Structures are given as C-alpha cells and as structure tokens.
Amino acid sequence: MLSVFRRARKSLGQMLLVLGAVVLSGCVATGPGTAPQAARGGSVQVALLIPSGSGQSQDELFGQNLENAARLAMADLSGVNIDLRVYRTGGSPAQASALAKQAVDEGAQVILGPFYSEEANAAGVAVANSGVNVLAFSNNAAIAGGNVFVLGQTFDNTAKRLARFAVRNGKSKILIVHDRNVAGEVGKAAIERGVSAAGGSVVGVTSYEFSQNGIVQAASGIVSTAKSSGATALFLTADTAGALPLLSQLLVENGIDRTTTQFIGLTRWDIPPATLSLPGVQGGWFAMPDPGLSAQFRARYESAYGSQPSPVAALAYDGIAAIGALANRAQDGAPLSKGDLTQSAGFAGVSGIFRLLPNGTNERGLAVATIRTNQVVVIDAAPRSFGGAGF
C-alpha cells in the first residue's frame, strides 16, 4: 500500500491507477492488449522528477518503475516526440525545488512528478512564475492548486463514487469510522462531502486511536454506535497496511450485523492479495480502476521489463500519455497550459477515463468491487464517459 500524504511509508490511502491517456475527443479505438494512441504531431520537453538517489531501496524501486513506465508510454505514442529528461530528487523537497528550477531553465514545458507531496509542493512553488505546470505523483489534494496537479486518485473521488453507489442501493445512512490521525481526518472529510453530494446522510462519526490497542478498545463502541444510529453502512478509512485487518475482524466479533450493515472502504481492499482471504472484508465494497484494463498494462510492462510494476508506475505512464495527447499544442517551446490540461473532455486511459480539474485535483472513472469467497468481483463497472453512470 502506498500513500503520499508524507514521505513516511505508513499508508492510509492507496493510489489507484489510470493509464495510457488519449484526449477523449480524439480517442483512437484500440484492440485488446494494445495501447491507445495520442493525437499525431507535436514535440514537448518533459522533466521527470523521481525519488531515486535517497539511498533507500523503496525510493530506488519507485524511481525505476516510474522511469520505465514513462518510457513505455513514450514508445506507444504515434508521431509525437517526447524529450524526456530525468531528474533524481532523492525524495527531498529542497532538491525537488532546485531541480524543478533547473529543469525549467533547461527548457522543460511540463514537469511530471515529483513523488512525495512535500516535494511536489516545493517544486510547484519553485516554478510558479514560469508558467510551467507540475503533474505530481501524489493523491494529496491539499497540495493541489495553482500550477500543481495531483495524478493519484484522491479520497474525494473515491468517496463520491462509493457514496453514489451506496445511496442508489439503499445504503444511505452512513456511519463514518476513521483513524485518529491526519489521513483519517482527511478521509473522514472526503466521505462527508461524498455522502452529502450523493443525497445520503451521515448518521454518526466515530474514530479510534491508530494503534492495535486503540482498535481493540474502540471496536465494541463502534458496533454499539452503528446499532443505535440506525446506520445501514459503515464507511471505513482504514487500509490493508494499517487498521483494516484487525478492525474488520473485531467489528464482526463484536456483533455487527453484516446482513443489514454494509462495509464500505475508502482504500483498495484487494492489495496485497492476501487481504482477500480475511473474513472481515468479505462482502465489503471498495473502488478500483477497471481491473481488466489494468491487467493489460501490467502484462505489457512485464513483457518490456521482465518484472511486475509497482502500482505507482501507472501514474507515470498516465502522465506521459496525456502529455503526448496534447503535444501538438505545445508550440515554440511554450509550456503546456492549464487550459489544455484541464479540458473538460478529459482523457481515456488504459484503466479508464480521467480528467484534471482547475483546482488541481482530478476525476477518474472507477469500478465498484466487492470480495466474495476470497475473490474480487466487480459489481458496478467503471464508466466510459463523464456523462455516464458512475458520475
């Protein structure tokens, strides 16, 4: 699991993935297992900022995966010249700031990365007066805005998708259950907004200390609150690398009625695969990109590089392909404009549709999935257009 709210590795939000962009209005039809093609023509200089160079193995892995995926996307573009220049930040905001300035001085028309949210914020500030936009590998909406866009799937996007599905399916009375930490508070707020937008009601909010003992102490009270509030669903911020395995088990053991009370997860419940065998997550709902399309990307990456990609790799592919689709608009070395990046038509990716929003966040087409007998089952397919079901 991976969250980039901060550089620490403890996760409270899996970055979900959308890959291989083309402009929706100019989408080229492709067959199974093939990459979409960008609009022909154009050249653009791209600065790729990756976390390699810190001396930490995880940063090296992420950095290599991001660069590999970016080059794979470049190879899939038709008639587009991407001048990719790679800068290694070591995960340092100060280094990211300096390298962003250097990249712009060297002619970068758009910056792809950095990886951690503090880096992305620093890079955005450093080049704010240049007209160059930053497409960050982050899901932290707090850093979005101005010239900084986040490519990672945000909590708001997930919460809205799941809340709409829940309300349509008779689970409109929501009890929010969140970790008592920064990411948990951010997730709680996103769920509140999502439920309100969907026409549902938040019947209560409860939390637990982010520790094993805190979860144990809180479980019975959460179940009591669920029963007394009349909640038809518990919307959990917990993730599989944190509280979810223990919390879901204890809620069941303390008597939550799974026949009337639906578990909904703000994060991916299928990563790592071992999570699928946990009794407490069976029947839970969560959001994910189109699994078939995502599998195509993983297969193509493995064919090219001989190993499975980290989940973060898809964000680099996504960014390069979107940039490629707009390359013919980057005239005479000028930066890709905010207007181009935020066109309402958005982009079609190998994992689904997405668009960047003027406020620096994004919208992505997501499927709703559940876990049945230790298997992921899609129960509401990802939308294929922004006017379709799911939006």
Report task. Please say if the range 142-208 is rounded, prolate or oblate, where rounded means a/c under 1.5 for a ≥ b ≥ c the square roots of the C-alpha gyration tensor eigenvalues, and otherwise the choice is prolate for a/b larger than b/c and oblate otherwise? Result -> oblate
Query - Leading residue at positive end of dipole, the chain (Cβ point charges), from 172, 64, 252 - result: 172
Query - Dipole of the chain, positive end: most advanced residue of 280, 147, 77 [Cβ charges, Cα centre] - result: 280
Report task. Express in whole angstrom the spacing between the alpha-carbon centres of the range 64-86 and the range 323-382. Result -> 18
Query raised in the report: Looking at the range 323-391, which trypsin sites (Lys or Arg not before Pro) are DSSP coil and have at most 15 other C-beta atoms within 10 Å of their C-beta?
Result: 384
Report task. May I ask which of 171/227; 101/160; 188/227 have a Cα-Cα span longer than 26 Å here? Result -> 101/160
Requested in this report: Quote the charge dipole size of the chain about the Cα centre in Debye, to the nearest 20; the model charges only the Cβ of Lys and Arg (+1) and of Asp and Glu (-1).
Outcome: 760
**Report entry** Positive-end extreme of charge dipole, the chain - chosen from 229, 374, 289 (charges on Cβ)
**Finding:** 229
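Rounded if a/c is under 1.5, else prolate if a/b beats b/c, else oblate: with a ≥ b ≥ c from the C-alpha gyration tensor eigenvalues square-rooted, which is the range 49-120?
Details: a/c = 2.63, a/b = 1.30, b/c = 2.02.
The shape class here is oblate.
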Query raised in the report: If you put +1 on each Lys and Arg Cβ and -1 on each Asp and Glu Cβ, how big is the dipole of the range 45-191 around its Cα centre, in Debye rounded to 20?
Result: 920
**Report entry** Kirkwood hydrodynamic radius (C-alpha pairs) into Stokes-Einstein, the range 243-324, 20 °C and 1.002 mPa s, D in µm²/s
**Finding:** 142
Query raised in the report: Under a no-solvent Debye model with one identical scatterer per Cα of the range 142-263, what's log10 I(q)/I(0) at q = 0.20 Å⁻¹?
Result: -1.11
Report summary line: Over the chain, the sum of -39500 (n - 2.57) across DSSP H runs of at least four, divided by residue number and rounded to 500 deg cm²/dmol, gives at 222 nm -11000 deg cm²/dmol
Query raised in the report: Among 228-235, 339-346, how do they line up from the highest to the lowest mean number of other beta-carbon atoms within 10 Å?
Result: 228-235, 339-346
Requested in this report: Could you give me the radius of gyration and the Dmax of the range 85-160, taking only the C-alpha atoms into account and expressing both in angstrom?
Outcome: 11.9, 40
Query raised in the report: Dimensions of the chain along principal axes (Cα, Å, largest first)?
Result: 64, 42, 39
Requested in this report: Please list, or write none, the aspartates and glutamates whose alpha carbon is within less than 19 Å of the alpha carbon of residue 338, excluding same-chain residues fewer than 8 places away.
Outcome: 318, 363
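Laboratory data are not the source of any read-out in this text; all were calculated from the coordinates shown. Quantities reported herein were computed from a predicted structural model and do not represent experimental measurements. Positions of Cβ are generated from backbone atoms using ideal geometry, with glycine treated the same way; all protein chains shown enter the neighbour counts.
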